[in-house]
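A short write-up of the structure that comes next.
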Amino acid sequence: MYRYDEADQQIVEERARQFRGQVERRLDGRLSEEEFRPLRLQNGLYLQLHAYMLRVAIPYGLLSATQLRQLAHIARTYDRGYGHFTTRQNLQFNWPTLTDTPAILDALASVQMHAIQTSGNCVRNVTSDPFAGVAADEIVDPRPYCEFLRQWSTFHPEFAHLPRKFKIAVTGATVDRAAIAVHDIGLRIRKDEAGRIGFEYFAGGGQGRTPVLAEKLRDFLEEADLLAYTEAVLRIYNELGRRDNKYKARIKVLIKEMGSAEFRRRVEAEFETTRHDPALRLDPEALARMKAHFVPPDYATLPDGQTALQAGRLGKDRAYARWLASNLAPHRVPGYAIVQLSLKSETLPPGDVTADQMDAIADLAERHGFGRILVTHRQNLVLPDVRIDALRQVHAALEGLGFATPNVDRVTDIIACPGLDYCDLANARSIPVAQSIQQTLADADRVHDLGPLTLNISGCINACGHHHVGNIGILGIDKQGEEFYQLTLGGSARDDASVGKVLGRALTAEEIPGAVERILATYAVLRSGADEAFLAVVRRVGLGPFKEAVYADHS
Amino acid sequence: MRIIRDRRIVEDTFVHLDEHAPVPSGVGVVLPWSRWLAERASLADRGAPVGVRVAATIDLATLVEALSSLAVVAIEIPKFTDGRAYSLARRLRGEAGFSGELRAVGDVLRDQLLFLSRCGFDAFELAPGRSLEDALEAFGDHERHYQSSADRTRPLWTRPSPG
C-alpha cells in the first residue's frame, strides 16, 4: 500500500495543527459557527442529531492492521467503543467531542491517516474496487490511480469551494464493484490493443433526490492525462455548476441542463490547456514510482486448492459450505482466496464494528495475509489474502467474532445508512428496519437459495443507503410526522446499472418485513431456475406481479 | 485602509471609486468594471495606475483583452463559500499571463487566504472587522502541497523516491 514519506507525514500533521487552531478560534468566538462549518466539514466533522460525528478517510478502502488497531484505540478512548463503516469505504465515529477532535486527528496522523475532505463541497475520498490488487478478474490495479487522485485532490486550492460535493470512483476489473455509474466521475481502466493503459471516462452520475447514471466523456483517455483531464472537468464544474439551489448544484444537473455534448466540448477545450501543463502530466517515472507502492506481496507458491474448496462446498458442514459459496471471491494468485467479513447480522447495525472486534480483525489480517484489510461499499470488510488451506481456521475465527454470516451479496447483506437514530437529515429510521428484515429472514438455507440480491435502505432522499441502486430499495419518508417507507425494485449498481422503480404506496415500518417476504416469495415462483437472479426476473416480468403480491388484500 | 499584499500588512495605495466619484489625479484608482468600460479612453493617459473591480462571473475574453492596461484586478467574493474566484484567478495567472496585482475583495476570511494565494491572488482586503495580524498566520498553515497551482510549486508526486 501507499506509504507516507516525510512530506506526506508533514501534510497530515500540519492539517491536525491547523484544525486545532480553528477549534480554538471557534471556542473563543473568533470564528462564528457559520464560518467554522465549512472548515469542520472539510475535516469530516458533522454536527449530528445527538453529537458530533467524525468521518475518517480510508482512501480507496485500504487499511493496514496497524491503522485498524489505531481506529480501535480511538473508538475506545474518544468514542463509545465502536465505529461505523460507510458506503464510501470510510469509518465514522458517532460520539466524539469537538474539543477531542484535534487529539483524534493527531492519533490518525501517527498512523498515516486523516479526515481530510470526507465531507463538504470538495473532492471527497476516492473509492474503488474492494478487491483491488487481488481480484481474479482484474485488468489493471486501480490503486496507483486512486492514490494520484487522492494526492491531486488533497487541499487542491482551486476546488475547495465547489458548488457541491464531488465523488470519484475507479474500477480496474471486468466486473464493476465500485458503482462507477452513480459517481460524479466514474473511471473504468482499460487496455487498448497495444496494451496501453487508459480510462473509459464517465461523469455526471449520482444518487440523492435525482438519481442519474453517468454519461461517457471519453472511450479512452491516456493514463498520463488522468489529472489534466480531471482538472478540466472540475474547473468547468466549479465555474458553471449551479450555486443558487443546493439541490441542483451537483455536476449531474449541470450536464443535464447544458447537454452532455456541450459539456464535453467545454471540457475538451479546457483540456487543450491543461494537457500541456507539465505539473499535471503523469510522466513514466512518476507512474512507475507510484505503481511500486502497490507491488504484490510475497505470495507462497501453492497448489490451486480448488479440490479442497469443492469438497468444502459439498461437505456436511452446511454453515461452512454456505460461507464458502457466498463470502469468498476468487483470488488472482493460486492457492489464495478473498474472504469477505459480513458486518450484517442481527446483533449489530449494518457496518458497525466494536473496538475489540477491530483488534481481532487486525490480528487475523496479520496471521492470514499481509496485514491488509479492505472496506467494501456494501459496508463489509475483506481479508484479501487468505490461503485456501487456512480457510477453516479463518471461518472458525470469524464465527467467533460474529462476522461469518454466509450472506454476502444476498438479501440480508443489507446496506443501511445511520438513519434517524443518528442523522439529523433523516426522515426515518433505517437500522431497525434492516434488523427486522434480517430477523424474518433468519433461515440461512433460504437466504442462500434466493441467490444474489441487494437490498439497500436509506433514511431519506439523500440516498446514503443507495436505495436507488438496490435490487430492492427502501426509502424512508416522512408523512405528517410519521415514518413511512417506499419500496423500489430493479436498481443495480453494477455494470448493468439502473435506477429502481417505485412499487406503490409507502408502507409502515411494521409492514416492510412482510412486504419483502412477499416480494421474495413471488420471485421464487417466477424464476425460471436457480440461475435466474432476482434482478433478471424483475427486468423480465416488470413490477406487476410484485405489486400484486404486496398490495393485494391479504386479510 | 490596510490590506495584505505579498504576505505583509501594508497601507492600500489605491483609491477606490464608485460609479460617480471624480477621478483624482496622480494616484492609483480602482473602478467598477462597468465604469472602466465606459471611460477607458480617458483613463488611459492619466499617468497613474488603474485597476478594476469585477465579479467572478465576468466574461473572460473581455477581461483578458483589457489586462494590458490594468495594474489591479480586484475580484469580488460574494460569500467565502463561493469558489468561482479561485478558477478565474488561475486563468488570469495562467493562460492570460496577468502579472499585475490580483486582489481578493468581499467576504475574504483568514481561513481561505492560503488557497486564494496559491491560485494567484497576491493582495487581500479582509472582510470588515477582521484582524489582519491573525490572518497573516494562515499562510503558514501548510508548507507543502501535493499539487501545483498558480504558485508553480512542483507536484510532490514528481519527487524522487527516497533511497
Practice prompt. Mind checking which of B:LEU113, A:ALA160, A:THR174 is farthest towards the positive end of the protein assembly as shown's charge dipole, using Cβ charges of +1 (Lys, Arg) and -1 (Asp, Glu) about the Cα centre?
Written response: A:THR174
Fill in: Magnitude of the charge dipole, segment B:2-158, Cβ model with Lys/Arg +1 and Asp/Glu -1, debye to 20
380 debye
Worksheet item: Using 7 Å Cα-to-Cβ label points, what is the A:ASP449/B:SER34 separation (nm, one decimal)?
Response: 7.5 nm
Response to the item:
A chain fully extended from A:ASP277 to A:ARG505 at 0.36 nm per residue, minus the present Cα-Cα distance, gains in nm 76.6 nm
Discussion item. For chain A, give me every cysteine whose Cβ has no other Cys Cβ within less than 4.7 Å, ordered by residue number.
Written reply: A:CYS122, A:CYS146, A:CYS423, A:CYS460
Worksheet item: Hey, quick one: spin label on A:ARG392, modelled 7 Å out along Cα-Cβ, who in segment A:315-346 has an amide N within reach, i.e. under 16 Å?
Response: A:315-324
Practice prompt. Just tell me which lysines come within less than 19 Å, Cα to Cα, of A:LYS291; anything on the same chain fewer than 8 places away is out.
Written response: A:LYS191
Worksheet item: How big is the Kirkwood radius of segment A:252-304, worked out from every pair of different alpha carbons and given in Å to one decimal?
Response: 15.1 Å
Worksheet entry | Estimated distance in nm for a label pair at A:ALA319 and A:THR301, the labels positioned 7 Å out from Cα along Cα-to-Cβ | 3.8 nm
Worksheet entry | For residues of B:145-153, the mean tally of beta carbons on other chains within 10 Å | 5
Worksheet item: Packing-wise, with mean Cβ within 10 Å as the measure, how do B:65-76, A:57-68, A:455-466 rank, highest first?
Response: A:455-466, A:57-68, B:65-76
Practice prompt. Give the long-range amide H neighbours of A:ILE477: residues separated by 5 or more places, or on another chain, with amide H under 5 Å away, using H modelled in the peptide plane at 1.01 Å from N.
Written response: A:PHE484, A:TYR485, A:GLN486
Discussion item. Applying a 10 Å radius around every beta-carbon, put A:337-350, A:266-279 in order of their mean neighbour count, most first.
Written reply: A:337-350, A:266-279
Discussion item. If the only charges are +1 at each Lys and Arg Cβ and -1 at each Asp and Glu Cβ, what is the size of the charge dipole of segment A:306-401 around the Cα centre, to the nearest 20 debye?
Written reply: 520 debye
Worksheet item: Can you list the residues, at least 5 places off or on another chain, whose amide H is less than 5 Å from the amide H of A:ALA416, using H built in the peptide plane?
Response: A:ILE457
Fill in: Distance between modelled label sites at A:GLN480 and B:SER161, nm, 7 Å Cα→Cβ extension
6.7 nm
Practice prompt. Report, as an integer, the average count of C-beta atoms from other chains found within 10 Å of each Cβ along A:1-10.
Written response: 2
Item to complete: Partner chain Cβ atoms within 10 Å, averaged over the residues of A:149-155 - can you pull that number for me?
Response: 4
Worksheet item: Lys/Arg Cβ at +1, Asp/Glu Cβ at -1, dipole of segment A:6-109 taken about the Cα centre: which of A:LEU91, A:SER64, A:GLY44 is farthest positive-ward?
Response: A:LEU91
Worksheet entry | Lys, Arg +1 and Asp, Glu -1 on Cβ, resulting dipole of chain A about Cα centre, debye, nearest 20 | 760 debye
Discussion item. From the helices alone, meaning DSSP H stretches of at least four residues, give me the mean residue ellipticity at 222 nm for chain A, per-run term -39500 (n - 2.57), in deg cm²/dmol to the nearest 500.
Written reply: -11000 deg cm²/dmol
Discussion item. Using 32 Å as the Cα-Cα cut-off, could you pick out the over-long pairs in A:LYS167/A:LYS501; A:LYS344/B:LYS79; A:LYS216/A:LYS246; A:LYS479/B:LYS79; A:LYS165/A:LYS547?
Written reply: A:LYS344/B:LYS79; A:LYS479/B:LYS79; A:LYS165/A:LYS547
Worksheet entry | Computed FRET value (nearest 0.05) for A:GLU262 with A:ARG190, which takes r as the C-beta separation and R₀ as 30 Å | 0.70
Fill in: Positive-pole candidate from B:ALA96, A:VAL408, A:PRO452, dipole of the protein assembly as shown, charges at beta carbon
A:PRO452
Practice prompt. For a quick protection proxy, order the peptides A:419-425, A:371-377 by their average other-Cβ count within 10 Å, most packed first.
Written response: A:371-377, A:419-425
Discussion item. Quick check: from the Cα gyration tensor, does chain A come out rounded (a/c under 1.5), prolate or oblate?
Written reply: rounded
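All of the numbers you see were taken from the coordinates with simple rules; none came from a lab. If you're wondering where the values come from, they're calculated on a predicted model, not measured in any experiment. Cβ atoms come from the backbone with ideal geometry, glycine included; neighbour counts cover every protein chain shown.
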